[in-house]
1. Over the Cα atoms of the range 391-461, what radius of gyration and what Dmax do you get, in Å?
2. Cα-Cα over 29 Å: which of LYS252/LYS357; LYS82/LYS269; LYS395/LYS453; LYS135/LYS395; LYS98/LYS453; LYS240/LYS308?
3. Would you please classify the overall shape of the range 226-378 from the alpha carbon gyration tensor, given that a ≥ b ≥ c denote the square roots of the eigenvalues, rounded means a/c under 1.5, and beyond that prolate means a/b larger than b/c while oblate covers the rest?
4. With all pairs of different alpha carbon atoms counted, what Kirkwood hydrodynamic radius in Å does the range 315-385 show?
Amino acid sequence: MQISISLTKIERIIEMANVTMSRRALARLLTFALAFILVLSVAAINNGTRADKAERAVENSYMHAIEELSLDLDNIKNNLQKGMYTNSISMLSDLSEKLCSDASNAKNSLSRLPIKELDLTETYRFLSQVGNYSKSLAEKCAEGGSLTADERRNISALHSYAQKISGSMWDIERRIGSGEITLADTAYAASNLEADGLVSVTDGFTDLADSDSTFPTLIYDGPYSDHIMNKSPLMLKNEKKIDQAEALRKAKKLADGNELELLTQEEGKMPSYVFTDGKRTIAITKAGGMYSYMLSSRNTGKQTLTAKEAVIRAEEFLAKLGIRGLTDSYYEIRNGICVVNLAAEQNGVTMYTDLIKVGVALDNGEVLSFDMRGYLTNHTIRELPPPKISGEYAKTLVSGSLTPISSKLCVIPSSGQNEVFCHEVRCTGSEGENILVYLNAVTGREEQILILKIGSGGVLTV
């Protein structure tokens, strides 16, 4: 009896043990399954993250290529427009080199885009044509030939095409940046980019050869302002060095009573003490203790002043600093600030090399910034030769596609840190554009052409 009971208990114990073992096994199985699912989930997330990063990298690459292509096409458009109005073999040759470089750079940007998907094959063909065509014309002129009426019409047609695709690319970039379309939608947006009726310039053009990296400079805030900082400052030559304390005393005159502290000491061609009060930065040259530049971080309010009034405020500010004999040339309005460009004058001749830029707040007329480094670098009394050609005669030397309006004498920079005495002839183009042609006042040679952009944002040149 006892044995029977013991066996029964043993059977129950074994049965319970089997149940317990099954539950434990199930628990282990569930644990392993959950762990496996977790591993798969983490792997999927990692793969998804990598995929997202890869997709973003591709999109960023496309966006960067689109931005560069927009700039390249803009440069091509501007240089073709200048080519429409040049009357100089050397100028045409210079523009040709720039067009070749711009076209080569634009094709490089295109190579990073899905050209077939975006249907940009015609744009690619245009880029292959434009540089070689302008180069062939320059070679023709160099051999003693001149541009025919048909060739000028071809340049005009190329410019019209460049203008259209440049505007389309800027529009695509704007819409992508605003989120209106994604890069996945760009193929549809770009379907309107190709212009009809591309002028048939010549047959059998080959791809552009590798060209150098000389690219045209877009001058945003007045002619030649990019060229004025490439030599030792003439006004600081032989000037006595000042110490930090003396520089601080001078800087305080512009600090409105705020305490200033030394921020840094700049070296280079114009060593300076740089002070700050936390809101503005003021630089004083170590040689001569002259004002170099000032920057303020104040936000501007509602505009109450006109650009003309801002010019007057800028001139009054410089007069208080003892700087006179300047003429305002061009200005740009951005973020409620009018940046006025003022150039020195000598006996009625505008010195575009001797440039001062003054930023005036359009809410209350306060001067928030100035930059005198161009003026300090280049200003001096010059011995100018008497002009051998008159302003009236200079007007007759411009292209027949231009209508001259006025002329004035000026000095502009040239390559090699030199200067050229010129007649600045302001003209109207065949499409109503404002064109500035610079003719050597001694030889009559066409030295430069600029396009004058007049709009609500200011008066600028390219």
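Rule-based calculations on the coordinates, nothing more; no lab input. In this text, all values refer to a predicted model and were calculated from it rather than measured experimentally.
1. In Å, with Rg to one decimal and Dmax whole: 12.3, 37.
2. Details: LYS252/LYS357 21 Å; LYS82/LYS269 34 Å; LYS395/LYS453 21 Å; LYS135/LYS395 27 Å; LYS98/LYS453 20 Å; LYS240/LYS308 38 Å.
Over 29 Å apart, Cα to Cα: LYS82/LYS269; LYS240/LYS308.
3. Working: a/c = 1.98, a/b = 1.14, b/c = 1.74.
It comes out oblate by the Cα gyration axes.
4. Numbers: mean 1/r = 0.0789 Å⁻¹.
One over the average 1/r among Cα pairs gives 12.7 Å for the range 315-385.
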